[in-house]
1. How much net charge surrounds A:Ile138 when only the other residues with a Cβ under 12 Å from the Cβ of A:Ile138 are counted, with Lys and Arg +1 and Asp and Glu -1?
2. Decide, for segment A:113-173, between rounded, prolate and oblate: order the square roots of the alpha carbon gyration tensor eigenvalues as a ≥ b ≥ c, take rounded if a/c falls under 1.5, and otherwise choose prolate if a/b is larger than b/c, else oblate.
3. Return the distance in nm (one decimal) between the two label points of a simple spin-label model at B:Lys145 and B:Asn196, each offset 7 Å from Cα along Cα→Cβ.
4. For segment A:93-111, list whatever residues lose no less than 10 Å² of accessible surface once every protein chain is in place, relative to that chain by itself, with the probe at 1.4 Å.
5. Would you mind getting me the FRET efficiency between B:Glu43 and A:Glu158? Use the beta-carbon distance for r and R0 = 45 Å, nearest 0.05.
6. Would you grab the residues whose amide H sits under 5 Å from the one on B:Leu131? Only those 5+ places off in sequence or on another chain, please, with H modelled 1.01 Å from N.
7. Under a Cβ-Cβ cut-off of 15 Å, what is the net charge of the residues other than A:Gln184 that fall near it, where Lys and Arg count +1 and Asp and Glu count -1?
8. Cα-Cα over 24 Å: which of A:Lys141/A:Lys177; B:Lys41/B:Lys83; B:Lys102/B:Lys152?
Amino acid sequence: VLVLLRSPLPRLRALLQRCWGWLDRGPWPGILGAQSPPWGPALAVQGPALLPRGTDDAGTGCAEVPSLLESVVWMAAPKQRRTIEVNRCRRRHPSKLIEVKRNIDVCPECGNLKQKHVLCGYCYAKVKEETRLIRMEIYRKEGGPLNASTVETVVLYEGEKPTEKDEGKRIIEIPRKRPSWFVQN
Amino acid sequence: SGAAWARGLLSWARPERWLASGSLFPLSCIHTSTFLQKIGKWEKKNRIVYPPQLPGEPRRPAEIYHCRREIKYSKDKMWYLAKLIKGMSIDQALAQLEFSDKKGAKVIREVLLEAQEMAVRKHNVEFKSNLHIAESQTGRGRYVKRVRCHGKGMFGIMKISRCHYFVKLVEGPPPPPEPPRTGFDQAKEYVQQLRNRTLVHTL
């Protein structure tokens with residue numbers, strides 16, 4: 001619940017005083033006072049022709065659009081407190097409840113749960129970790145930025161020899177056992 | 001904060017700090033006991049012990065009560081998750097919570113796993129999958145009011161809300177869901193109510 005409180009700054013106080021002045025005198029009195037008032041009495045009566053402003057301006061109205069500070073009176077606001085029963089009907093409506101997901105399966109590789117249209121999180125993390133280690137090896141071999149090789153790369157683990165197919169390729173050797181899921185071509 | 005204050009007081013009051021070294025009192029016998037805040041009612045429900053069952057009675061299913069206090073989450077938002085898993089088996093509940101995007105889902109998942117572990121170790125539950133969620137509720141934790149700064153020197157007071165989460169696991173498969181009430185059921189009930197009427201203050 002947020003409650004706005006006004007701190008007494010002189011700028012804001014002056015603004016508020018001006019607003020109250022406007023509400024008392026009526027909107028835009030300066031402009032109307034400059035021209036001759038259209039609702040002044042037509043008879044030639046001695047004395048002040050101008051009627052006091054306050055009575056006419058409040059009632060017969062001004063064609064001017066009320067400023068934003070006066071239209072505050074016409075803003076939407078709740079009339080009655082919503083009871084807890086009404087609130088509950090709204091908050092517990094079936095459209096607002098969380099739906100039961102029916103697209104959860106078991107990953108055939110690792111046995112963890114996975115969503116049907118998403119990769120298994122555990123297997124993805126495993127592959128990501130292995131890729132990180134391979135990338136570290138590559139970084140160590142390259143020795144600096146802008147040294148990327150122009151030929152293909154082959155990853156060989158412990159005890160593996162390069163075949164004839166890997167003739168012109170860059171070889172990265174990793175001193176670890178090959179993981180079972182990383183199939184060698 | 002109460003526990004920290006009490007701990008501070010007790011640590012000041014330890015006699016080993018005042019007595020000179022080489023005193024008679026060995027350090028091992030003095031220990032600062034943590035001043036526990038009031039043990040909640042839900043935690044006490046695990047302590048009830050039933051009398052042993054007679055040979056002919058059906059086996060009473062094991063009940064495990066677990067809760068977590070002062071979770072930094074709103075109780076209304078947590079209620080939706082609690083309503084989701086009410087009445088599910090524990091495996092299904094864990095699956096649903098794993099793929100939920102809400103912050104409270106992770107917390108409830110931890111609570112359920114802890115409760116499952118407790119059930120197997122202490123409450124003599126044979127199969128950890130043979131549990132279902134009988135009750136799952138949220139409660140209001142301690143709220144704290146803080147100032148939130150707006151522009152032009154204005155400020156609002158916001159409340160930082162916390163919640164508790166309570167769960168009761170019962171051994172056995174989950175109960176079958178109730179069939180929805182049809183118009184025929186409602187009509188039958190209405191007719192039964194009419195038939196139950198009697199004449200009062202008469203012979």
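1. Combined, the nearby Lys, Arg, Asp and Glu give +2.
2. It is prolate, given that a/c is not under 1.5 and a/b is the larger ratio.
3. Simple spin-label model gives 4.8 nm for this pair.
4. A:Lys96, A:Leu97, A:Ile98, A:Val100, A:Lys101, A:Ile104
5. Efficiency for this residue pair is about 0.25.
6. HN-HN under 5 Å from B:Leu131: B:Ile90, B:Gly172.
7. -1
8. The pairs that break the limit, which is 24 Å between Cα atoms, are B:Lys102/B:Lys152.
The values are calculated or read from the model by the stated rules, or taken from the named source; none is laboratory data. All figures in this text were calculated on a predicted structure; none of them were measured in a lab. Methodologically, a virtual Cβ is constructed for each residue, glycine included, from the backbone with ideal geometry; neighbour enumeration extends over all protein chains shown. Side chains included, ligands, DNA and RNA excluded: accessible areas come from the protein's heavy atoms. Shrake-Rupley method; radii C 1.70, N 1.55, O 1.52, S 1.80 Å.
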